[in-house]
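S.K.: Sharing a structure below in structure tokens format, with a few things to ask.
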Amino acid sequence: MARGDDEFVEFVRNSSSRLQHAAYLLTSDRHQAEDAAQTALAKTYAAWSRVRRKDAYAYARQVLVNHIIDGWRRPIRENATEQIPERPSGTDVAGAVVQRKWLLDALRTLTDRERAVIVLRHFFDLKESDVAGELGVSVGTVKSTNSRALTKLRITAEDGTELIGGLGR
Amino acid sequence: MTDLETLRSALREEPAEEFAAPDIAAIMTKGKRIRRRRRLVTGAGGVAATVVTVLVIVGAVALREPARQPEALPPAASASSPSPSLSPSSFPASTATTAPPYPRAQPLGDVIPLDVEGEGDRKMVLYATAFDEPTLQDIQFGLNVAYQNDDGTFDGLYMTNETRGSDRSFGFHATGGGTLVRNTFIPVFGYFAGPAVRITSTVRGKPVEARTAVWSEDPSVVIFWFEGSQVQSSNVLTPLTAYDAKGQRLTK
């Protein structure tokens, strides 16, 4: 093994699960998510000597998101619907599986950029300025995109009565 | 719990089924390939780049015209050799015919000027090169942005290629660029497989049109690029749209 390979193996063990999870949120496809994470990690390994002493995880995350966005730009795309799926009633019984399905269905209603902003901002917990940097857009664009996406998801940022998925409207 | 906290909690909830464990050996193998390719394209220093250029051009001449002698090489190839041990006569045509050492760097088809000048007033160009990856049998070429030296050789800056499926399947492929390499801005570029005569997108609501060139090696492939003054990054583009000669939209 070359110098730094042990560190890389450790890095993969620590980060792959979260990268796969993020990719799954971005693609809604398990196999595509695993492939995307694998590609991001390979590209990270290709640059390992350069990034290992910096923030390797941030590098891998950025590669992952860009890789998925590049895929979105191809003409074969999902047909996003304007209608957000209604949250099934009785969620206390339905449990996590239903919530997960709702979440993935709801994410599908977002545009590519909205979805990327939601994942970067609320899954990775990045600051708006960092999201802007990763997507190559202005902070204002991130703010407005985030706001629009949350509105589509029927989520209020403040304490409110509206629930994720609405009230069964 | 606020709605936002609920969303964040839902986002972070582990999927019911665990993801497959990453194949670390495959990741490292693929990473090494990517690293080698990047080094080849960006050049690991002037000497290495020139050596590669010599090897490639010798191989190219040998492949196309195996009967010709090394003296028939373009002047640039022999003149730029950095080392006496790597003179053209060191590489007999028969050797190159069976195994050209660096086929990827050999331009396939016409070299397209991008009307941009950079380091040392050299012209930036775009061209295709062969792509040889055993695990990607249906991908046989990629695109390169490079500086063209006065002696006809190329100083590679950026390479991109399709990574899934076939390189000639209908639609857009290998879109890349829109980034800085060695303090040089690489335009957003790529290619469309299909009868496109016009390729457009929008940047912040403003329509932009790519410049296009039919690939001389395969007229069904249309190479495109956006001027840097119009498109600073592929991230700002909306999905690309292609139109045929009748103005009909080819993509959704």
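The values are calculated or read from the model by the stated rules, or taken from the named source; none is laboratory data. The structure presented is a predicted model; accordingly, all values stated were derived computationally and were not measured. Quick reminder, even Gly has a Cβ in these numbers, built from the backbone with ideal geometry, and neighbours come from all protein chains shown.
S.K.: If a residue must be within 16 Å of B:Phe185 (Cβ to Cβ) and in contact (Cβ under 8 Å) with a residue 60 or more places away in the chain, how many such residues does region B:116-141 contain?
M.R.: 5
S.K.: Right, next: Is it true that B:Asn144 is in the same structural domain as B:Pro187 (by TED's automatic domain parsing), in contact (Cβ under 8 Å) with a residue 40 or more places away in the chain and under 26 Å from B:Thr29 (Cβ atoms)? Step through it out loud before you land on a result.
M.R.: Numbers: in the same structural domain as B:Pro187 (by TED's automatic domain parsing): yes; in contact (Cβ under 8 Å) with a residue 40 or more places away in the chain: yes; under 26 Å from B:Thr29 (Cβ atoms): yes.
Judged against the criteria, B:Asn144 is a match.
S.K.: Moving on. Across region B:6-25, what is the total count of residues that are at pLDDT 80 or above and either outside any helix (DSSP H, G or I) or more than 7 Å from chain A (Cβ to nearest Cβ) (or both)?
M.R.: Summing the residues that are at pLDDT 80 or above and either outside any helix (DSSP H, G or I) or more than 7 Å from chain A (Cβ to nearest Cβ) (or both) in region B:6-25 gives 9.
S.K.: Look through region A:72-92, keep the residues that are within 11 Å of chain B (Cβ to nearest Cβ) and more than 22 Å from A:Lys152 (Cβ to Cβ), and return whichever of them is modelled with the highest pLDDT.
M.R.: Within region A:72-92, the match that is modelled with the highest pLDDT is A:Arg74.
S.K.: On to the next question. List the number of the failed condition for B:Thr202; all other conditions in (1) in contact (Cβ under 8 Å) with a residue 12 or more places away in the chain; (2) more than 25 Å from A:Gly140 (Cβ to Cβ) hold.
M.R.: Every condition holds for B:Thr202 apart from (2).
S.K.: Select from region A:27-65 the residues that are away from chain B (no Cβ under 12 Å), buried (at least 16 other Cβ atoms within 10 Å of the Cβ) and not in a helix (DSSP H, G or I) and list them in ascending order.
M.R.: Listed by number, the list holds a single entry, A:Arg52.
S.K.: Ok, one more. Are any residues in region B:166-185 more than 10 Å from chain A (Cβ to nearest Cβ) and in contact (Cβ under 8 Å) with a residue 12 or more places away in the chain, and if so, which ones? Spell out how you get there, then give the answer.
M.R.: So in region B:166-185, the residues more than 10 Å from chain A (Cβ to nearest Cβ) come out as B:166-168, B:177, B:180-185.
Once the filter is applied, which keeps residues that are more than 10 Å from chain A (Cβ to nearest Cβ) and in contact (Cβ under 8 Å) with a residue 12 or more places away in the chain, region B:166-185 yields B:Ser166, B:Asp167, B:Arg168, B:Gly177, B:Val181, B:Arg182, B:Thr184, B:Phe185.
S.K.: Also: Quickly run through region A:3-26 and pick out the residues that are farther than 26 Å from A:Ala106 by Cβ and either at the interface with chain B (Cβ under 9 Å from one of its Cβ atoms) or in contact with a Cys (Cβ under 9 Å, 6 or more places away or on another chain) (or both).
M.R.: Matches in region A:3-26: A:Asp5, A:Phe8, A:Val9, A:Val12, A:Arg13.
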